[in-house]
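S.K.: Sharing a structure with you now.
The values are calculated or read from the model by the stated rules, or taken from the named source; none is laboratory data. Since this is a predicted model, take the numbers as computed values, not measurements. Neighbour counts are summed over all protein chains in view; Cβ atoms, including those assigned to glycine, are modelled from backbone coordinates with ideal geometry.
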Amino acid sequence: MADLSSLKQWVMTAHNRGSPRLSHSTLNRGHPRIVSEPHPTLTIAKVMTPPRSTLRADAQRNREHLIATAAEAFASGRAISLDAIAKRAGVGNATLYRHFPTREDLVEEVYRDQIRPLREDARTLLATEPPAQALHAWMLRFADWAGERRGICEALVAMSASGRFGTGPVCDEVQQVLAMVLEAGATAGELRSDINPAEVGGILAGLLSVAGAPEQRPQLKRMLDVVVDGLRPR
């Protein structure tokens with residue numbers, strides 16, 4: 001029979017020396033002999049985290065797909081919720097709101113590129129009309145542009161009411177165009193020099209919210225007459 005000291009040694013060396021076994025010949029003689037065998041090699045599969053660049057690319061694809069889906073939905077002319085846009089785009093609501101916290105943010109991003117030609121319109125008007133008339137004409141052109149794009153007027157009003165006018169791509173472009181025309185008017189002595197373009201943008205958004213429909217164009221023209229007259233120096 002194996003003595004206790006030999007068994008103790010076998011137990012203590014098991015972890016360090018591999019998986020031990022007792023040889024039959026030694027057992028037959030009454031004293032165990034430790035024969036070490038190496039542990040089998042274990043292959044552990046690592047869970048790989050996608051590189052950050054891949055995550056950014058996925059996020060960018062989701063963002064672009066959301067914009068394209070929203071543009072298609074807005075073009076239909078029918079009201080649609082943000083949740084419905086997320087579902088149509090095949091992403092979760094959390095993904096949509098992570099990219100676009102408010103409806104106004106999504107609307108502005110959809111029309112980001114479409115607003116830029118209006119800057120050239122303003123330059124053309126300033127080259128052919130006195131600044132005050134150019135301002136009036138440009139605001140009418142903007143009204144036509146906004147009337148053809150669902151959600152723009154509502155977005156402008158909401159941005160203005162929250163003090164965020166000028167922070168989104170559309171509002172920022174409107175503000176820059178108004179600043180350019182107002183500066184030209186102040187230089188020519190036709191318009192006041194102490195006017196904040198964001199405030200004029202807020203006034204324009206308010207007018208479009210109450211008289212932005214095509215059939216209300218005569219009313220809008222009269223309202224813009226009052227606005228431009230109020231911007232003249234006294």
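S.K.: Out of the residues in region 73-116 that are within 11 Å of the chain's Cα centre (by Cα) and hydroxyl-bearing (Ser, Thr, Tyr), state the one that is modelled with the lowest pLDDT.
M.R.: 102
S.K.: When both residues are 6+ apart or on different chains and their Cβ atoms are under 9 Å apart, which pairs have a first residue that lies in region 175-197 and is farther than 15 Å from residue 138 by Cα, and a second that is outside any helix (DSSP H, G or I) and among the acidic types (Asp, Glu)?
M.R.: Between residues of region 175-197 that are farther than 15 Å from residue 138 by Cα and residues that are outside any helix (DSSP H, G or I) and among the acidic types (Asp, Glu), the close pairs are 186/194.
S.K.: Which count do you get for residues in region 125-136 that are surrounded by fewer than 21 Cβ atoms within 10 Å (Cβ to Cβ) and within 32 Å of the chain's Cα centre (by Cα)?
M.R.: Going through region 125-136 one residue at a time, the tally reaches 0.
S.K.: Among residues belonging to region 184-210 that are polar (S, T, N, Q) and in a helix (DSSP H, G or I), point out the one that is nearest to residue 133 (Cα to Cα).
M.R.: Going through the qualifying residues, I end up with 187.
S.K.: With the condition kept exactly as written, say whether any residue in region 83-104 is closer than 30 Å to residue 231 by Cα and either touching a residue at least 40 places away in the same chain (Cβ under 8 Å) or surrounded by 15 or more Cβ atoms within 10 Å (Cβ to Cβ) (or both).
M.R.: yes
S.K.: Test each condition in (1) of a type outside the set (A, V, I, L, M); (2) surrounded by 19 or more Cβ atoms within 10 Å (Cβ to Cβ); (3) farther than 23 Å from residue 172 by Cα for residue 108 and report the one that comes out false.
M.R.: Of (1) of a type outside the set (A, V, I, L, M); (2) surrounded by 19 or more Cβ atoms within 10 Å (Cβ to Cβ); (3) farther than 23 Å from residue 172 by Cα, only one is false for residue 108: (3).
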